[in-house]
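Beneath this line is the structure, given in structure tokens, with notes to follow.
Just so it is clear, none of the values below were taken in a lab; they were calculated from the coordinates. All of these numbers come straight from a predicted model, not from anything done at the bench. Because the Cβ atoms are built from the backbone with ideal geometry, glycine has one as well, and the counts that use them run over all protein chains shown.
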Amino acid sequence: MALEEYKGVYIYAQQVDNEISSIAFELIGKGKELAADLNTDVTAVLLGYQVAGLVDQLAEYGADKVIVVDDPELETYRTEPYAHALASVIKEYKPEIMLVGATAIGRDLGPTVSARVHTGLTADCTMLEIGDFPLTVPEGKEDTQKHNQLLMTRPAFGGNTIATIACPDNRPQMATVRPGVMQKIAPVKGAKAEVINYNPGFTKNNKYVEIQEVVKAVGTVENIMDAKILVSGGRGVGSAENFQMLKDLAEVLGGMVSCSRAVVENGWLAQDYQVGQTGKTVRPNVYFAIGISGAIQHVAGMEESDIIIAINKDADAPIFDVADYGIVGDLKKIVPALTEALKAELA
Amino acid sequence: MKIVVCIKQVPDTKGGVKFNPDGTLDRAAMLAIMNPDDKAGLEAALRIKDETGAEVTVLTMGLPKADDVLREALAMGADNAILVTDRVLGGADTWATSTTIAGALRNLDYDLIITGRQAIDGDTAQVGPQIAEHLGIPVISYAEDIKVEGDSVIVKRQYEDRYHMLKAKMPCLITALSELNTPRYMTPGGIFDAYEKEVTVWGRADLKDVDDSDLGLKGSPTKIAKASDKVRKGAGEKVTLDASESVSYIMDKLKEKHVI
């Protein structure tokens with residue numbers, strides 16, 4: 001593998017039902033930073049059927065180039081035609097970095113493609129930067145250190161440890177990236193990208209599975225990952241009825257309600273609202289942790305929030321170790337009073 | 001019908017996380033368990049066995065002590081167990097791990113391979129799809145339900161906001177979610193039998209169509225630059241106040257930070 005032939009930062013622009021997923025814009029945002037360090041540009045790879053209309057949106061969020069593979073076989077996500085398309089793009093255009101969202105699609109597509117093009121893949125990254133590998137070398141061994149490598153940082157062991165990983169001898173350097181962690185740029189209206197249409201040809205084989213039915217979930221319109229303010233409750237809230245207090249507070253602040261795993265297990269809220277290792281990663285401006293003890297798995301999903309306000313009656317709850325402002329007190333008294341005070345203030 | 005279930009022995013990170021006095025993870029003090037997604041995959045295979053009389057083989061790659069999870073699988077009702085273990089396989093990343101397991105699977109007849117979606121120590125979800133790719137068979141990830149129908153499987157494939165019903169011709173590989181089912185317990189008779197049964201042990205020499213350069217640490221494209229215990233954001237202020245004082249305190253902070 002002639003590593004120097006591989007150039008440019010590529011991101012997989014996930015679309016579902018011809019709508020670009022937020023993760024695609026987040027990857028472009030991060031990709032621009034990496035591309036600036038490498039003195040190169042960002043290419044979005046858009047796979048689908050009749051998706052040409054989505055190109056400008058990718059440009060507005062910062063893509064310099066868009067490679068479009070448009071084919072009826074790509075109408076709905078299936079591992080094989082998508083893996084064939086992305087692997088073919090990689091073989092044809094030779095990117096040095098290929099970023100994919102760590103979504104239910106990306107965590108299937110990424111590993112399949114990495115195995116096909118024989119390169120490494122680092123899963124669920126929360127930090128990406130350009131640096132040296134190894135990080136340090138003994139004096140006199142400077143020539144064994146590789147520069148301009150993608151350093152990929154990810155949590156492991158249920159969020160208890162973090163590891164930084166490199167892929168020094170294979171290309172592209174591939175990573176899947178957790179949704180909600182990287183920042184998208186403010187879109188630039190009217191921005192245009194260079195568009196490259198490419199089709200590797202699709203021949204059905206044993207790996208093509210048949211889609212018998214697509215069933216979309218109903219009733220989950222709001223996404224906690226989009227909220228600027230989250231009022232999050234845990235086991236300490238006590239009951240499904242008591243969540244009304246949190247909903248009232250969220251409403252007056254224009255925010256949304258979310259929760260810990262215990263709440264989902266008790267059936268007080270649906271899993272769509274769960275924050276944490278097995279739920280969603282959120283980074284709102286303000287995160288209220290109300291009656292949440294702060295298990296490590298929960299903290300992993302919210303610690304990047306700008307301001308964390310915790311209310312808990314247990315002064316020793318681990319949530320206070322990550323909170324900017326911690327109040328030891330009775331949530332059932334504080335939350336309704338806070339809602340009233342905010343109503344008066346904002347009236 | 002022949003089913004191979006790939007399982008992994010992992011430290012139990014849920015609830016039972018233990019730390020050394022210096023703050024590092026105390027792995028020795030943590031229980032070693034069968035990875036939950038893998039156990040659901042095994043249960044799914046055993047249910048197919050209950051219905052159709054399929055033969056279920058469990059396979060793991062790991063240290064010799066991974067024999068424990070194979071015995072547990074036998075006690076739950078698996079028919080055969082294979083341990084792939086060799087010093088040259090150590091330090092493998094997902095690429096080298098999937099290459100190794102694919103090399104072992106090439107020795108077996110299978111209609112269906114089931115793996116867990118991901119293991120709770122690494123959380124990568126990569127090894128299943130990569131095994132399928134190395135073997136050239138279709139993969140269906142994130143399975144919530146599995147049904148066998150003639151020479152095909154019908155799988156409910158989970159996504160964030162929907163599911164797909166997919167039909168694949170066997171042989172194929174499925175990665176199982178722990179939501180798939182509630183795994184059965186070992187039976188007393190099963191436990192007794194499990195320790196009588198032979199576990200097949202394979203080493204490097206038993207892997208088919210695999211190059212030495214693709215195995216272990218040396219064969220891993222990804223390399224660890226740095227590993228550390230998570231450095232957490234420091235604690236901020238903590239106050240103990242009555243309800244009305246608490247409200248004033250929060251209101252002041254929200255104003256100070258221009259939230260309101």
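Remark: the range A:100-112, residue by residue, has Karplus-estimated 3J(HN,Hα) of 9, x, 7, 9, 5, 7, x, 7, 10, 5, x, x, 5 Hz, where x stands for each Gly or Pro and the curve is 6.51 cos²θ - 1.76 cosθ + 1.60 at θ = phi - 60°. Note on the range B:200-260 and the range A:289-338: Cα centroid distance 19 Å, given to the nearest whole angstrom.
Between A:Glu213 and A:Asn266, the contour length at 0.36 nm per residue exceeds the Cα-Cα span by 16.0 nm. Under a model in which nothing but the beta-carbon of Lys, Arg (+1) and Asp, Glu (-1) is charged, chain A shows a dipole of about 360 debye around its Cα centre.
Computed over chain A, the Cα gyration tensor eigenvalues convert (square root of 5λ each) into semi-axes of 40, 25, 18 Å, ordered from largest to smallest. Taken one residue at a time, the phi angles of the range A:134-142 give Karplus couplings (6.51, -1.76, 1.60, θ = phi - 60°) of x, 4, 9, 9, x, 4, x, 10, 4 Hz. Gly and Pro are set to x. Here the Karplus curve 6.51 cos²θ - 1.76 cosθ + 1.60, taken at θ = phi - 60°, turns the phi angles of the range B:243-250 into couplings of 4, 6, 5, 4, 4, 4, 4, 5 Hz, with x standing for Gly and Pro.
Exceedance of the 29 Å cut-off in Cα-Cα distance is limited, within the set A:Lys184/A:Lys313; A:Lys7/B:Lys8; A:Lys313/B:Lys226; A:Lys280/B:Lys238; A:Lys32/A:Lys189; A:Lys280/B:Lys226, to A:Lys184/A:Lys313; A:Lys7/B:Lys8; A:Lys313/B:Lys226. Distance between the pseudo-spin-label points of B:Met165 and A:Lys141 (7 Å out from Cα toward the beta carbon): 5.9 nm. Each residue in B:Asp211, A:Asp272, B:Asp123 was given a count of other beta-carbon atoms within 10 angstrom of its own, and listing them fewest first yields B:Asp211, A:Asp272, B:Asp123.
Set against the 2.2 N^0.38 Å expectation for a compact globular protein, the protein assembly as shown has a Cα radius of gyration ratio of 0.99.
Once the other residues with Cβ under 15 Å from the Cβ of A:Gly329 are scored (Lys, Arg +1; Asp, Glu -1), what is the net sum?
-1
How would you rank A:Thr79, B:Thr187, A:Thr203, going from fewest to most other Cβ atoms within 10 Å of each one's own Cβ?
Final ranking by Cβ density, sparse to dense: A:Thr203, B:Thr187, A:Thr79.
Under 5 Å between amide hydrogens, built in the peptide plane, is the criterion, and for B:Ala225 it picks out A:Thr164, A:Ile165, A:Ala166 among residues at least 5 positions away or on other chains. Annotation: amide H-H contacts under 5 Å for A:Gln277 (H modelled 1.01 Å from N, sequence separation of 5 or more, or interchain): A:His298, A:Ala300, A:Gly301.
Here B:Lys167 is the anchor, and the lysines within straight C-alpha reach of less than 21 Å, apart from those fewer than 8 places off in the same chain, are A:Lys204, A:Lys207, A:Lys216, B:Lys2, B:Lys49, B:Lys147, B:Lys156.
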